[in-house]
Amino acid sequence: MKKFTELVTPFASVAEDENLPGQDLSWLKTMRDKALTQFNEYGLPSKKVENWKYTSLWELTQQSFNHQALAVTVSQQECQGIALLDDAYRVVIIDGVFDAELSQLDNLQVGVTIRPFSQSLDTVEQQLGQQVSMDKVGLTALNTLLMKEGVMVHVSAKTMVKKPIELLVIQSGTTDNLATHLRNMIMLDHDATATVVEHYVGLSDLSCFTNVVSEVVLADNAELFHYKLQKESKNAIHIATLAAKQAAGSQWHTNNISLGAKLVRNDVHSLLEGEKSHTTMDGLYLLNDAQHIDNHTRIDHLVPNTTSNELYKGVLDDKSHGVFNGKVIVHKDAQKTDSKEYNHNLLLSRDCEIDTKPEMEIYADDVKCGHGSTVGQLDKDQLFFLRARGLDEVSARSLLTHAFAVEVLDRIPNDTIRKAMSIVIEQQLPTGER
Amino acid sequence: MLEIKNLYASVDGKDILKGINLTVNAGEVHAIMGPNGAGKSTLSNVLAGRDGYEITQGEVIYKGDNLLELKAEERAQRGIFLAFQYPVEIPGVSNVYLLKAALNAVRTYQGLEELDAIDFLSLVREKMQLVKMDEEFLYRGVNEGFSGGEKKRNEILQMALLEPSLAILDETDSGLDIDALKTVSDGVNELRSKERSIVMITHYQRLLDYIVPDFVHVLSDGKIVKSGDKELSKELELKGYSWLHSEGPAA
C-alpha cells in the first residue's frame with residue numbers, strides 16, 4: 001500500500017501543474033492553500049473514522065489518476081439522447097471540461113444566471129466553501145484544491161425559473177483513470193424558485209474518479225427542487241458532498257438517485273437555520289453485482305418551527321453492499337421541530353448486505369420526531385397472487401420491485417421529471433433472477 | 001374439465017390431503033364443505049399451484065393436461081382462476097395495472113392481441129358494474145386499504161375480466177356482511193355458464209343459498225367423505241360436522 005505522503009504529493013503536484021481557474025484571485029489562492037494544508041493533515045478518510053466504518057477508499061490509493069482528459073467530441077444528437085430533459089437550460093461538462101457548443105444557455109430568463117464554474121469565480125467569493133467543512137475529512141479539501149469546473153446557478157429575488165436546469169456531466173470513457181473535481185454552486189435569493197437536476201453519466205466501463213461538491217444557498221422563502229441522477233461507469237468511484245444552508249421559510253426538496261459506479265459515497269447535509277424552513281431529503285439506490293453505496297445524510301434543526309422529511313429506499317441484488325446512515329439533530333433551541341426519517345431496503349439475493357442506521361439526536365423537549373428502517377425480501381404471498389393471475393415469475397418479481405421503489409419517485413412533484421426518472425429506473429431495476 | 005384422482009399432498013412432511021377423488025364437468029358448480037383443518041384451502045392451493053406442497057400420490061387432469069406439471073402462471077393462462085380467501089394488498093401496483101397485465105397474460109397465451117387502452121377500459125368498466133365497484137378503485141394500489149368486502153368484490157372483478165374455464169372460490173363468503181355477500185354472489189351467478197366450472201370452498205351453508213351448487217361434497221381429514229346435492233348442505237347445517245363422525249365415514 002502506498003504511504004499517505006506519497007498519495008498526497010501527486011495531488012499536490014497536480015495543483016502546482018494544473019491550469020486551475022482563478023489563479024489571479026488572492027482569496028481563492030488563500031482558500032486553496034488552506035485546502036492543501038488540510039488535505040496534508042487529514043488525507044483520505046480511513047475506516048477507523050466512524051463515518052467511514054463501512055466504506056474503504058483504499059482503492060483510490062492504488063492507482064494514479066489522470067487529471068488531463070484527452071480531446072473528445074460528443075455530437076449534438078448523442079447529447080440529446082443522453083440528457084434527461086428535452087426542454088431545459090443545460091450545462092454540459094465532458095470529462096471535466098465545459099462544452100459551450102452542447103450547452104443550452106441561450107435566452108436565459110431575466111434574473112437567472114447559469115454559468116460554468118470556471119467563468120463565475122468572481123461572483124462566488126461570499127458563498128464558496130461556506131456550506132461545507134474542510135475539517136477532518138480530506139475529500140472536500142481535495143475538491144477545493146483541485147476544483148476546476150461545475151455549474152454556478154444564481155436566481156434573483158422573486159424570480160421563478162420556468163425551465164428546469166440540467167447539469168449534464170458526461171464521462172466519455174476516452175481517458176483511463178480520469179479524475180474530475182467538480183464544484184457546483186446553486187444560490188437562490190429570497191422568494192426565488194428553481195429546479196436543478198445534476199445528471200452524471202458514463203458512456204463506457206472505464207474506471208474513473210469523480211469528486212463533486214455541491215453547495216446550495218437558499219435565502220428567505222426560496223424554494224429549490226433538486227434532483228441528482230447518477231449513472232456513471234460501472235467501474236467509477238463517485239464521491240459527492242451536497243450541502244445546503246436554508247434561511248427562514250425556504251424549502252429544499254432533494255432526491256438522490258444512484259444507479260451506477262462501483263463505489264459511491266454521498267454525503268448530504270442540510271442546515272435549517274431559519275424558522276419555518278423545510279427539507280425533503282429523499283434517495284433511491286438500485287444495486288447489483290459488487291456495487292457499493294454509502295449514503296450519509298445529516299439534517300440540523302437549529303431554530304424553532306422547522307420541518308424535515310426523509311425517505312431513502314434501496315434495492316440490492318447479487319453481492320452488492322449498501323450503507324445508510326441518516327442523522328437528524330434537533331438542537332436545543334429547535335422547539336416544535338417536526339421530523340420524519342425512514343430507510344427501507346429490499347434484498348433480492350442472499351449475498352447482498354445492508355448496514356442501516358437512522359439516528360436522531362434530540363436536545364429540545366417539544367418536538368415531533370419519528371425514524372426507522374426496515375430490511376425485507378419480496379413477499380411470497382404477493383408473488384403467488386401475481387402468478388395466479390397469469391404473470392410469469394420474472395414479471396411478477398420486477399413488478400413488485402418496481403412497486404417498492406416507486407414510492408420515492410412518487411414524491412417528485414414535477415410530472416416531466418418524475419416520468420423521465422421512471423423510464424431510467426425501469427431500465428435499471430434489478431430483477432433478482434435466480 | 002377437471003379430474004382429481006386419488007390425490008395425496010403434504011406440507012412439511014405432514015399429510016393433509018389423503019386420497020381426494022373428484023370430477024368436475026364443464027358447466028357444473030361444486031361446493032366443497034368441511035370443518036377447519038379438513039384440507040379445503042390446501043386443495044385450492046394445490047390446484048392453483050402454490051409452492052410448498054408436496055404431492056405424494058395421485059394426479060390431476062385439467063382439459064386433458066397433467067395439471068401438476070404446470071407452473072402457477074401457466075395454470076392461470078390456461079383458464080384456472082383462484083379467488084383468494086385472503087387477497088393480498090400490493091401497494092405501488094395499481095389495480096388497473098394488475099387487471100391489464102393479467103388479462104394480457106391470458107390473451108397472449110390464447111394467441112390474441114393485447115387490448116388497447118380504450119377497449120380495455122371500456123371492458124373493465126362493464127365488468128365493474130357487475131360487482132358494483134366504483135371506478136376510483138382502479139387507480140388505487142391492489143387491495144390497498146380495501147375493506148374485506150371490497151377485496152372480495154375485487155377478486156370477482158378479476159374473475160369476470162379473465163373469464164376462466166375453472167374458477168376456484170376459496171371461502172369467498174368469509175368476512176362478508178349480508179349485502180356484500182349478495183353482491184358477490186350475484187356477480188358469481190352472472191358468470192355461471194355451460195362452459196365454465198366453479199368449485200366453491202366454504203364453511204357455511206349460507207353462501208349456497210345465494211350460489212346454488214349442483215353438487216355438494218364434504219371434506220373431512222383430507223378425504224371426501226360424503227357427496228350429494230344441495231340438500232346435503234342443509235342437513236350439515238342442521239346437524240353439524242360431528243354428525244358425519246357419529247354416522248361414521250361413508251367409506
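The values are calculated or read from the model by the stated rules, or taken from the named source; none is laboratory data. Because the structure is predicted, anything quoted here is derived from the model rather than measured. Glycine gets a Cβ as well: all are built from the backbone with ideal geometry, and neighbour counts include every protein chain shown. The protein model used for the area step is the full one, side chains on, heavy atoms only, and it has no ligands, DNA or RNA in it. Shrake-Rupley method; radii C 1.70, N 1.55, O 1.52, S 1.80 Å.
Brief remarks follow.
- Criterion (away from chain A (no Cβ under 14 Å), open to solvent by 40 Å² or more (accessible area, probe 1.4 Å) and of a type outside the set (Lys, Arg)) met by exactly one of B:Glu150, B:Glu163: B:Glu150
- Selection status of B:Lys223, in contact (Cβ under 8 Å) with a residue 40 or more places away in the chain, open to solvent by 20 Å² or more (accessible area, probe 1.4 Å), more than 14 Å from the chain's Cα centre (by Cα) and under 28 Å from A:Ala388 (Cβ atoms): yes
So that you can scan it fast, the table gives a plain yes or no per residue for (1) closer than 30 Å to B:Thr108 by Cα; (2) touching a Lys or Arg at 6+ places or on another chain (Cβ under 8 Å); (3) aliphatic (A, V, I, L, M):
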| position | (1), (2), (3) |
| --- | --- |
| A:His321 | no, no, no |
| A:Val330 | no, no, yes |
| A:Asn343 | no, yes, no |
| A:Arg389 | yes, no, no |
| A:Leu399 | yes, no, yes |
| A:Ala403 | yes, no, yes |
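- Verdict on A:Phe324 being open to solvent by less than 10 Å² (accessible area, probe 1.4 Å), aromatic (Phe, Trp, Tyr) and closer than 30 Å to B:Tyr86 by Cα: no
- Qualifying residue in region A:392-406 (condition: part of a loop (DSSP other than H, G, I, E, B) and at the interface with chain B (Cβ under 10 Å from one of its Cβ atoms)): yes
- Pair list, Cβ < 7 Å and 6+ apart or interchain, from region A:51-63 residues that are within 13 Å of A:Ala179 (Cα to Cα) to residues that are open to solvent by less than 70 Å² (accessible area, probe 1.4 Å) and of a type in the set (Phe, Trp, Tyr): A:Leu60/A:Phe209
- Residue that is nearest to A:Asn256 (Cα to Cα), among those in region A:380-391 that are crowded, with 19+ Cβ neighbours inside 10 Å and more than 7 Å from chain B (Cβ to nearest Cβ): A:Leu383
- Check on A:Ser204, touching a residue at least 24 places away in the same chain (Cβ under 8 Å), surrounded by fewer than 22 Cβ atoms within 10 Å (Cβ to Cβ) and in a helix (DSSP H, G or I): no
Listed here are the residues, each with its yes/no results for (1) modelled with pLDDT of 95 or more; (2) not small (Gly, Ala, Ser).
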{"residue": "B:Val24", "(1), (2)": "yes, yes"}
{"residue": "B:Val29", "(1), (2)": "yes, yes"}
{"residue": "B:Met33", "(1), (2)": "no, yes"}
{"residue": "B:Gly39", "(1), (2)": "no, no"}
{"residue": "B:Gly64", "(1), (2)": "no, no"}
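- Residues in region A:228-251 that are without any contact (Cβ under 8 Å) to a residue 60 or more places away in the chain, under 22 Å from A:Leu139 (Cβ atoms) and in a strand (DSSP E or B): 5 in all.
- Being in a strand (DSSP E or B), farther than 25 Å from A:Tyr200 by Cα and of a type outside the set (D, E, K, R) holds for only one residue in A:Val328, A:Val303, and it is A:Val328.
- Selection within region B:189-220: residues that are in a loop (DSSP other than H, G, I, E, B) and β-branched (Val, Ile, Thr). The member of this set that is surrounded by the fewest Cβ atoms within 10 Å (Cβ to Cβ) is B:Val212.
- Beta carbons closer than 6 Å, at least 6 apart along the sequence or on distinct chains, pair a first residue in region A:117-143 that is under 17 Å from A:Ile239 (Cβ atoms) with a second that is part of a loop (DSSP other than H, G, I, E, B) for A:Val137/A:Pro45; A:Gly138/A:Gly43; A:Gly138/A:Leu44; A:Thr140/A:Val132; A:Thr140/A:Met134; A:Ala141/A:Met134.
- Those strands (runs of 3 or more DSSP E) lying entirely in region B:35-120 with at least 1 residues more than 10 Å from every other protein chain (Cβ to nearest Cβ) and of a type in the set (Val, Ile, Thr): B:54-62
- Note on region A:128-139: residues that are in contact with a strand residue (DSSP E or B) (Cβ under 6 Å, 6 or more places away or on another chain) and open to solvent by 10 Å² or more (accessible area, probe 1.4 Å) total 2.
- Annotation: of all residues in region A:13-64 being part of a loop (DSSP other than H, G, I, E, B) and open to solvent by 80 Å² or more (accessible area, probe 1.4 Å), the one that is nearest to A:Ser207 (Cα to Cα) is A:Ser64.
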